[in-house]
Amino acid sequence: MRIHFIAIGGSAMHNLAIALHKKGFQVTGSDDVIFEPSSSRLARYGILPEHMGWDEAHITADLDAVILGMHAFADNPELLKAKALGLKIYSYPEYIYEQTKNKLRVVIGGSHGKTTITSMILHVLNYYKRDFDYLVGAQLEGFDTMVKVTEGAPLIVIEGDEYLASTIDRRPKFHLYKANIAVISGIAWDHINVFPTFEEYIQQFDLFINTIEPKGKLIFCQKDKILSDLVSKSATDAEKIGYDIPPHKVVDGITYILPENTPLNVFGDHNLMNLNAARLVCEQLGISSDEFYQAISSFKGAARRLELLHKQNNTNVYKDFAHSPSKLKATIEAVKSQFEGRNLVACIELHTFSSLNKAFLAQYEGTMDEADLAIVYIDEQTFRHKKMEPFTSLDVQTAFKNSNLQFFNDAMTLKLYLSNINFKNTNLLLMSSGNFGGIDLVKLARELNT
């Protein structure tokens, strides 16, 4: 099979390219720019493009398929030639389905927790040496790539993103996988650039439920009222299995699942609900609850999800991917409740299109109230890059309904401010889907005044 990737450098795209290369396919690709770690990974497997840029000469009639990434626009010259030649053009979720339509497909959807639930399932399956394929949105310990597609594995576990499949396919990715076992972790408005109303956003999950294969399973968070109402009204014939926070206790900063008293490396109500979703999926795959708890005890978490950067005396510094209002609130509450005797400094970088939209900013009201010190950072370059109107300190304080909130738009000023705080008996939580203007967070964590 000869496959060409247009916009091969994307996170999912380059991982799928590597997976197909490992499967024995002849893989080529192009992009206008490729960042790390994509470039090094592609180079390691000999499939990094020799030159950056688009060239219609890459598209030839003998290609079996062209896979189109979100980074490529509709007028891309390679895409236009592929259309003119009548080649098969897929988005990457379409091609994942094409490669796995004869497998059992587990698809994890939801506005939050997708990566963690998927990671937990993969960890348990790997622990018991099960044969499986996967697609996950973060690099996991013990896994070489974020995508694996083989000939022989009987099942695939897919993190099902609700964002659009490609520039010419405006369907959400998770609609294309046709799950046999589906999970929805919760619904909280996101991606307002493509779903401008909450009603439109909710509808995507209703449509996802209707893509579940006949006699499939739907595992959902029954604690989420919007989701529970949606599931109860759905006419799907899938078996509906609800989950909640499992019984647990916290002793000296460690969470234990009851009644087994299983110690965990992760914590917080949102992670415990993620764990319950993963347990129910594994149950459907023939792994008992006892076996699940034995395996999950060694799970350290997905990359950038409450990742411990540094620990010293009574100060822990965490990095988290949280950026949406629901994720922000849940992550702050998790750290605050896990260390009841400590103060919490919580700092979020607003980085996504939704979070930088003035109309959406009000969704953050009250989300940082549990923090002893709340800080919001926005790289002023981000507004210019996205061609959006910058926020003032008053805009942010008003939206968050927090007059004590500190606002920064310069990374070095933020770093200096954090460096002058006394972190004795105080945790620091750094949350972003960006990179805090290039601050070395590990170095910062080690140099804090504790």
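Among the residues of the stretch 197-220, those identified as out of contact with any His (no Cβ under 8 Å at 6 or more places or on another chain) and farther than 24 Å from residue 354 by Cα are 209, 210, 212, 213, 214, 215, 216, 217, 218, 219, 220.
Hey, among the residues in the stretch 218-231 that are touching a Lys or Arg at 6+ places or on another chain (Cβ under 8 Å) and not β-branched (Val, Ile, Thr), which one's surrounded by the most Cβ atoms within 10 Å (Cβ to Cβ)? Restricting to residues being touching a Lys or Arg at 6+ places or on another chain (Cβ under 8 Å) and not β-branched (Val, Ile, Thr), the top hit is 220.
Considering each residue of the stretch 185-219, count those that are within 21 Å of residue 277 (Cα to Cα), part of a loop (DSSP other than H, G, I, E, B) and β-branched (Val, Ile, Thr), and give that number. Residues meeting the conditions: 3. Per the listing 260, 333, the residue uniquely in a loop (DSSP other than H, G, I, E, B) and of a type in the set (Asp, Glu) is 260. Looking only at the stretch 351-393, residues that are polar (S, T, N, Q) and under 16 Å from residue 407 (Cα atoms) come to 6 in all. The set of residues in the stretch 289-304 that are farther than 29 Å from residue 350 by Cβ and surrounded by fewer than 22 Cβ atoms within 10 Å (Cβ to Cβ) comprises 289, 290, 291, 293, 294, 295, 297, 298. For the stretch 127-148, does any single residue satisfy the condition of being in contact (Cβ under 8 Å) with a residue 60 or more places away in the chain and assigned to a helix (DSSP H, G or I)? Scanning the stretch 127-148 turns up at least one residue that is in contact (Cβ under 8 Å) with a residue 60 or more places away in the chain and assigned to a helix (DSSP H, G or I).
Of all the criteria given as (1) farther than 19 Å from residue 252 by Cα; (2) part of a loop (DSSP other than H, G, I, E, B); (3) not assigned by TED's automatic domain parsing to the domain that holds residue 242; (4) not aliphatic (A, V, I, L, M), the one not satisfied by residue 286 is (3).
Please work out which residue is farthest from residue 130 (Cα to Cα), limiting yourself to the stretch 305-332 and to residues that are surrounded by fewer than 18 Cβ atoms within 10 Å (Cβ to Cβ) and among the charged types (D, E, K, R). Only one residue tops the list, namely 311. Applying a threshold of 6 Å to beta carbon distances and a minimum spacing of six or more residues, or different chains, the list of pairs starting in the stretch 188-200 at a residue that is in contact (Cβ under 8 Å) with a residue 24 or more places away in the chain and under 21 Å from residue 113 (Cβ atoms) and ending at one that is of a type in the set (Phe, Trp, Tyr) and outside any helix (DSSP H, G or I) reads 191/163. Of all residue pairs spaced 6 or more apart or on separate chains, those with beta-carbon atoms under 6 Å, a first member in the stretch 28-54 that is part of a strand (DSSP E or B) and a second member that is acidic (Asp, Glu) and surrounded by 11 or more Cβ atoms within 10 Å (Cβ to Cβ) are 53/32. Residue 344 meets the conditions (1) in contact with a Lys or Arg (Cβ under 8 Å, 6 or more places away or on another chain); (2) under 19 Å from residue 116 (Cβ atoms) in every case but one. The failed one is (2). Scanning the stretch 182-200 for residues that are in contact with a Ser or Thr (Cβ under 9 Å, 6 or more places away or on another chain) and farther than 29 Å from residue 155 by Cβ yields a total of 3.
Restrict the check to the stretch 163-173 and report whether at least one residue is in contact with an Asp or Glu (Cβ under 8 Å, 6 or more places away or on another chain) and at pLDDT 95 or above. There is at least one residue in the stretch 163-173 that is in contact with an Asp or Glu (Cβ under 8 Å, 6 or more places away or on another chain) and at pLDDT 95 or above. Of the residues screened, residue 215 is one that is basic (Lys, Arg), surrounded by fewer than 24 Cβ atoms within 10 Å (Cβ to Cβ), assigned by TED's automatic domain parsing to the domain that holds residue 277 and farther than 24 Å from residue 303 by Cβ.
The residue of the stretch 1-46 that is farthest from residue 61 (Cα to Cα), among those that are among the basic types (Lys, Arg) and surrounded by 16 or more Cβ atoms within 10 Å (Cβ to Cβ), is 41. Across the stretch 425-436, the qualifying residues are those that are polar (S, T, N, Q) and assigned to a loop (DSSP other than H, G, I, E, B), and the one among them that is nearest to residue 312 (Cα to Cα) is 425. Against the condition at pLDDT 95 or above and in contact with a Pro (Cβ under 6 Å, 6 or more places away or on another chain), how does residue 293 come out, does it pass? So residue 293 fails the test.
The values are calculated or read from the model by the stated rules, or taken from the named source; none is laboratory data. From a predicted model like this one, the values you see are computed outputs, not experimental measurements. So basically every Cβ, Gly included, is an ideal-geometry build from the backbone, and we count neighbours across all protein chains shown.
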